[in-house]
Amino acid sequence: DGLGAVGYTRTSVVLLAPAAADEAPVNRLRATVRAAVQARFPSEAGAFAAAVLTGDYVGIGAGTMEDLRRSGLAHLLAISGLNMSLLAGFVFAIVRYGLALVPPLALRLPAKKIAAAAAFLATGFYLLMSGGNVATLRAFVMIALMLVAVLLDRRALSLHTLALAATVILCWQPEALTEAGFQMSFAATAALIWGFNLLRGRIEPKVMARLVGPLYMLVLSSLIGGLSTGPYAAAHFNRIADCGLLANLLAVPVMELLVMPSAALAALVAPLGFSGLPLWLMELGARWILWVAQWVAGLPGAVSAVASPGPAVLPLFTLGGLWLM
């Protein structure tokens, strides 16, 4: 029928020899963080929170992963643009406004540049923790370029940074061009930049009511993101999440306003031993997201099967989209 499948194994790994104490420090840290979060919250929500922090999905059950895929929310687990930009924005705001609260420092120090440097270090550490997949690397390169532009008092042009990020990744990992993660990540980012630039002079959310403006931005970003990545998801995974827009409207605000800020706060206060409250808030948000995924995945007609297209379809679709932009 031209259908494909994606799978993974849960078979135990045979360890031939233990790693030396000084080997793989980042992977050891990832495993330690994941185990600590799951020990505090031994549930699917705890496993989701650990995956958002470390990019390690090992604790998430097969049923939960299927619900996330069927509802179109699996992208929340991928440490990519949404997660990285939320972390960078949160750290930037905390440092900049924190310095502004102390007049002697605010008058003498370049608070904006210090905040940019702090956000750069935070996202760099997050990149290491995530395992460095293509979507994460793309997000990091773009955010790093924008933060460097702040340090140099220059303006970062979004489509230029996107093109530069693609060039960097393809020079380093040319095989990434054929992977679903690369195609979907760049398709969503390019479409969002182009779409919002196109609408900038026509519809201005700032003049809307306080509730209507954010809702408009959320609906528009979810719609553009879903339309741009849908063809690639259908081609690679042979399915379309028909109710993905509904699921994203219910889950993404919680991810933006609760889960990621709590994750950043937990990382900041963990050395002081005060990570309990932010992790608890993060787990609450994760519970809501998983409930939305389970509910939407169970709706009639939530997923449609799609046959694999011919080899020329995605290249022609991509070239057509780039020409349109």
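How about the range 78-111: which of its residues are assigned to a loop (DSSP other than H, G, I, E, B) and closer than 16 Å to Ser262 by Cβ? Ile79 - this is the single residue of the range 78-111 that is assigned to a loop (DSSP other than H, G, I, E, B) and closer than 16 Å to Ser262 by Cβ. Restricting the first residue to the range 146-159 and requiring it to be of a type in the set (A, V, I, L, M), which pairs with a second residue that is modelled with pLDDT under 80 meet a Cβ separation below 6 Å and a spacing of at least six or different chains? Once the first residue is of a type in the set (A, V, I, L, M) and sits in the range 146-159, its partners that are modelled with pLDDT under 80 give Met146/Ala156; Ala149/Ala156. Sub-9 Å Cβ pairs linking a first residue in the range 51-68 that is closer than 13 Å to Trp295 by Cα to a second residue that is open to solvent by 30 Å² or more (accessible area, probe 1.4 Å) and in a loop (DSSP other than H, G, I, E, B), at least 6 apart or interchain, are Asp67/Gly298, ordered by first then second residue. The one condition from (1) without any contact (Cβ under 8 Å) to a residue 60 or more places away in the chain; (2) part of a helix (DSSP H, G or I) that Pro311 does not meet is (2). Scanning the range 217-243 for residues that are open to solvent by 20 Å² or more (accessible area, probe 1.4 Å), assigned to a helix (DSSP H, G or I), within 18 Å of Ala305 (Cβ to Cβ) and not hydrophobic (A, V, I, L, M, F, W, C) yields Gly226, Thr229, Gly230, Pro231, His236. Selection of the range 68-85 for residues being in contact with a Phe, Trp or Tyr (Cβ under 9 Å, 6 or more places away or on another chain) and open to solvent by 10 Å² or more (accessible area, probe 1.4 Å) yields only Arg69. Would you pick out the residues in the range 244-257 that are touching a helix residue (DSSP H, G or I) at 6+ places or on another chain (Cβ under 7 Å) and either surrounded by fewer than 19 Cβ atoms within 10 Å (Cβ to Cβ) or among the acidic types (Asp, Glu) (or both)? Scanning the range 244-257 gives Leu245, Leu246, Leu249, Leu250, Pro253, Val254, Glu256. Among all positions in the range 278-285, there is at least one residue which is among the acidic types (Asp, Glu) and assigned to a helix (DSSP H, G or I). Checked against the criterion of being part of a helix (DSSP H, G or I), farther than 27 Å from Thr32 by Cα and under 21 Å from the mean Cα position of the chain (by Cα), the range 263-273 contains not a single residue that satisfies it. Regarding the range 100-112, can at least one residue be identified that is of a type outside the set (A, V, I, L, M, F, W, C) and touching a helix residue (DSSP H, G or I) at 6+ places or on another chain (Cβ under 7 Å)? The answer is yes; a qualifying residue exists.
Flag: Thr189 matches the condition of being β-branched (Val, Ile, Thr), at pLDDT 85 or above and open to solvent by less than 50 Å² (accessible area, probe 1.4 Å).
Selection of the range 15-39 for residues being open to solvent by 90 Å² or more (accessible area, probe 1.4 Å), at pLDDT 75 or above and of a type in the set (A, V, I, L, M, F, W, C) yields only Leu16. Here Lys206 fulfils each of the conditions (1) closer than 26 Å to Leu29 by Cβ; (2) modelled with pLDDT under 90 apart from (1). Cβ-Cβ distances below 8 Å connect the following pairs, each with a first residue in the range 223-238 that is aromatic (Phe, Trp, Tyr), a second residue that is assigned to a helix (DSSP H, G or I), and a separation of six or more residues or different chains: Tyr232/Ala180; Tyr232/Gln183; Tyr232/Met184; Tyr232/Ala187; Tyr232/Leu314; Phe237/Arg69; Phe237/Ala180. Of everything in the range 86-123 that's more than 16 Å from Leu151 (Cα to Cα) and among the β-branched types (Val, Ile, Thr), which residue is surrounded by the fewest Cβ atoms within 10 Å (Cβ to Cβ)? Restricting to residues being more than 16 Å from Leu151 (Cα to Cα) and among the β-branched types (Val, Ile, Thr), the top hit is Val102.
Taken as a whole, the range 47-60 holds no residue that is surrounded by 11 or more Cβ atoms within 10 Å (Cβ to Cβ), of a type outside the set (Val, Ile, Thr) and either in contact with a strand residue (DSSP E or B) (Cβ under 6 Å, 6 or more places away or on another chain) or more than 30 Å from Phe120 (Cα to Cα) (or both).
The values are calculated or read from the model by the stated rules, or taken from the named source; none is laboratory data. Predicted model only: the values in this text are computed from it and were never measured. Cβ sites come from the backbone with ideal geometry, for glycine too, and all protein chains shown count toward neighbours. What goes into the accessible areas is simple: the full protein's heavy atoms, side chains included, and nothing from ligands, DNA or RNA. Shrake-Rupley method; radii C 1.70, N 1.55, O 1.52, S 1.80 Å.
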